[in-house]
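Beneath this line is the structure, given in structure tokens, with notes to follow.
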Amino acid sequence: MNMLARTLIGSAAAILAGISVSQAAEGWIIKDSPHSVAETADRLEAAIEESPAKLVARLDHQKNAKSVGLDMSPATVLFFGNPKVGTPIMQANPRAALDLPLRVLVWEEHDKVRVGYLSAEALAERYGIQGAEEAFSNMDKALNGLTSKAISKEE
């Protein structure tokens, strides 16, 4: 299937799923959170700590902007990973290490708090990786599960 056909099919699927076309085209998964950026990021961090993954870093872009006298809306990135999942992907293509460990962005946009990440499918396609299907499946499940916990209305 050529690139145009894939883009059109992906755009149609995205519209049906309620995701904007640009988000689908970029390979992003985006979820809305009922919590503030800080609370959503805290909840995501707690979910990561309860999982087999390890939090590598937490970057508060708004705080960093303020430190140099600039203003921006809240935006926090959490970096985390699990070598059992990521290593097979990097073995298949070492360039994938540029996108690993995983990153999840929590940000405010148009008075909504969003949680977004690059889909496992987009990562596999970006690096042309074949033969690491189990690792990508595990990655997809982990990203979905952790972000779903972060945006859950339950304590």
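Observations, loosely collected:
- 3J(HN,Hα) along the stretch 31-37, derived from phi through the Karplus expression 6.51 cos²θ - 1.76 cosθ + 1.60 where θ = phi - 60°, amounts to 10, 8, 10, x, 9, 5, 4 Hz, with x in place of Gly and Pro.
- Virtual spin-label span in nm between Val77 and Glu133, 7 Å along Cα→Cβ: 3.2 nm
- With θ taken as phi - 60° and the Karplus curve 6.51 cos²θ - 1.76 cosθ + 1.60 applied, the whole-hertz 3J(HN,Hα) list for the stretch 126-132 is 4, 9, x, 8, 10, x, 10 Hz, x standing for glycine and proline.
- Each residue of the stretch 143-148 was assigned a 3J(HN,Hα) from its phi angle through the Karplus expression (A = 6.51, B = -1.76, C = 1.60, θ = phi - 60°), giving 4, 5, x, 5, 5, 5 Hz with x at Gly and Pro.
Each value in this text was obtained by applying a stated rule to the coordinates, not by laboratory testing. This structure is a prediction, so every number in the text was calculated from the model and none was measured. All Cβ positions, glycine included, derive from the backbone under ideal geometry; neighbour counts span all protein chains shown.
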